[in-house]
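Trainee: Here it is, the structure in full.
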Amino acid sequence: MRNLISFIIIFMMGFTLLSAQDISLPTPQKNGGLPLMDALNNRHSTREFSDKMLSQQQLADLLWAANGVNRSDGRRTAPSARNRQEIDIYIYLSTGVYFYDATPNKLVLKASEDHREDAAMQSFAITAPVLLVFVANYDKMDGMDEDARLLYGATDCGYVSQNVYLFCAANELNTVALGSIYRDKIQELLQFNGKAILAQPVGFSK
């Protein structure tokens, strides 16, 4: 019995390590969903989520809609001041925290294990399978003073958040933008030069 328990523990540790790694996402599907006017009509905030995980295709489509590359010159689906593209997206999953690297379309592992409760203050957000955290990366905002960083960071984050809202409205997913987040814990974990602005859980209805 003791040997069986030891085997199970070793197996589970190996599975955790295997699952916590960089993830190459499938090519985003850039058509489908509801027409824009229908998505706008359906856009709303929802604070109830099941723990059912999105497929990798759904995750790829969500992140591309949020702030993916949509032109050959590297520009994005969301506008940004002076094309600084300073809004970085971190994805909190049960397996770890990942950075969305839009150009190669992949998730880069930044921290293993589940850190959702160290990002969002709301219990409902922790039950969502995907928790997005939007960060204004100050390394991409050279030449801007603090007021400009705060203004443009918040404004550009709003564009990304609205893209997420519209994608969710068009694809029958729930979401809500959250300003009450643990900014210090997020920065301590991920070690970026900038400011965490918003979090946004995404998931299916219960």
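Trainee: Based only on Cα atoms, what mean projected area does the convex hull of the chain have, in nm²?
Mentor: Working: hull surface 52.0 nm².
Orientation-averaged projected area of the Cα hull: 13.0 nm².
Trainee: Still on this structure: What percent do you get for the relative contact order of the chain when only Cα pairs under 8 Å and 6+ apart count?
Mentor: It rounds to 28 percent for the chain.
Trainee: Using the heavy atoms of the protein chains and a 1.4 angstrom probe, tell me the accessible area per residue for the chain in square angstrom.
Mentor: The answer is 53 Å² per residue.
Trainee: Hey, another quick one. So, by mean Cβ neighbours within 10 angstrom, what's the order for 195-204, 54-63 with the highest one leading?
Mentor: Ranking, from highest mean packing down: 195-204, 54-63.
Trainee: How large, in percent, is the carbon and sulfur part of the accessible surface of the chain at a probe radius of 1.4 Å?
Mentor: Carbon plus sulfur share of accessible area: 52 percent.
Trainee: Same structure, new question: Compute for segment 100-157: radius of gyration divided by Kirkwood radius, i.e. Rg/Rh, restricted to C-alpha atoms, rounded to two decimals.
Mentor: When Rh is taken as the Kirkwood radius, the ratio is 1.04.
Trainee: Across segment 94-111, in residue order, what do the Karplus-derived ³J(HN,Hα) couplings come to in whole Hz, using 6.51 cos²θ - 1.76 cosθ + 1.60 with θ = phi - 60° and x for Gly and Pro?
Mentor: 5, 8, x, 10, 10, 9, 7, 8, 5, 5, x, 6, 9, 9, 9, 5, 10, 7
Trainee: A further question follows. Applying a 10 Å radius around every beta-carbon, put 113-122, 84-93, 154-163 in order of their mean neighbour count, most first.
Mentor: 84-93, 154-163, 113-122
Trainee: Now a separate question. Gain in length, Glu117 to Gln21, computed as 0.36 nm per residue apart minus the alpha-carbon separation, to one decimal in nm?
Mentor: Extra length from Glu117 to Gln21 when fully extended: 32.5 nm.
Trainee: Let me ask something additional. What does the highest-first list of 129-140, 25-36 look like by mean Cβ count within 10 Å?
Mentor: Result, highest mean first: 129-140, 25-36.
Trainee: Something else now. Which lysines does Lys30 reach when only Cα atoms under 21 Å apart count, and residues fewer than 8 places away in its own chain are ignored?
Mentor: The reachable lysines, counting only those whose Cα sits under 21 Å from Lys30, are Lys106.
The values are calculated or read from the model by the stated rules, or taken from the named source; none is laboratory data. What you see is a predicted model; the values in this text were computed from it and never measured. All Cβ positions, even for glycine, are placed from backbone atoms using ideal geometry, and neighbour counts span all protein chains on display. Please note that ligands, DNA and RNA were not included when accessible areas were found on the heavy atoms of the full protein model with its side chains. Shrake-Rupley method; radii C 1.70, N 1.55, O 1.52, S 1.80 Å.
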